[in-house]
Amino acid sequence: ELEQELEQEQEQELEQELEREQEQEQEQKREQEQKQFFPNFSEIVKKPEQALAYDLVYNPIETEFLKSAKKANMKCAGGIGMLVAQAAISFEDWFGINPINSQKNYSALIKQLTEHISKT
């Protein structure tokens, strides 16, 4: 009976290890697939320090596209700024008030949204 319990525990441990290995392999495969979609900017851009990579996506904050551009020493901008600017214009159209009346307010809002998105 004790031997059977030990065998069952060992089988369960082996199954769990196999599952972990399969999950890791799947994650690596996904990462490889993603990488093939993003350019190697250092091969494309002659003067990366003078180039800007702009991604309209705001979640995640730093996309694979932006990570690739950052590795090539390019300036990067994500979509959160545009999201905030569009929201402010819509708000002003509806209510006649510009909710972002200063760079300080704009920066504070970007910071809050970035923190919130990063947590989700």
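General observations
- Residues Phe65, Phe95, ordered by accessible area of protein heavy atoms at a 1.4 angstrom probe radius and largest first, appear as Phe95, Phe65.
- Based on DSSP H segments of at least four residues, each scored -39500 (n - 2.57), the chain has a per-residue ellipticity at 222 nm of -22500 deg cm²/dmol.
- Residue pairs, from the table Lys29/Lys75; Lys29/Lys119; Lys47/Lys71; Lys29/Lys71, whose Cα atoms sit over 19 Å apart: Lys29/Lys75; Lys29/Lys119; Lys29/Lys71
- Alpha-carbon centroids, segment 8-62 and segment 63-120: separation in whole Å: 25
- Relative contact order %, the chain, counting alpha carbon pairs below 8 Å whose residues are six or more apart: 19
- Calculated accessible area for the chain comes out at 84 Å² per residue, all protein chains present (probe 1.4 Å; ligands, DNA, RNA ignored).
- Calculated FRET value between Ile89 and Lys47, using beta carbons and R₀ = 41 Å, to 0.05: 0.75
- GNM result for the chain, Cα springs below 10 Å: residue of Ser102, Ser68, Ser42 fluctuating most strongly: Ser102
- Largest GNM mean-square fluctuation across Ile97, Ile80, Ile61, computed for the chain with C-alpha springs under 10 Å, falls on Ile97.
- Within the accessible area of segment 1-117 (1.4 Å probe), percent carbon and sulfur: 50
- Dipole-positive endmost among Phe41, Ala87, Val57 within the chain (Cβ charges, Cα centre): Ala87
- Solvent-accessible surface (1.4 angstrom probe) belonging to Glu7, in square angstrom, nearest 10: 100
- Convex hull projection area averaged over all views, the chain, Cα basis, nm²: 13.0
- Annotation: amide H of Ala51 within the under-5 Å range of Lys75, sequence separation 5 or more or interchain, hydrogens built in the peptide plane.
- When the Gaussian network model of the chain links Cα atoms closer than 10 Å, the mean-square fluctuations of Lys47, Lys104, Lys75 top out at Lys104.
- Relative contact order, percent, segment 43-91 [alpha-carbon distance under 8 Å, six or more residues apart]: 40
- Under a model in which nothing but the beta-carbon of Lys, Arg (+1) and Asp, Glu (-1) is charged, segment 9-82 shows a dipole of about 1240 debye around its Cα centre.
The values are calculated or read from the model by the stated rules, or taken from the named source; none is laboratory data. Since this is a predicted model, take the numbers as computed values, not measurements. Counting neighbours? That spans all protein chains shown, and the Cβs are built from the backbone with ideal geometry, glycine included. Areas reflect the complete protein model, heavy atoms only, side chains present, ligands, DNA and RNA absent. Shrake-Rupley method; radii C 1.70, N 1.55, O 1.52, S 1.80 Å.
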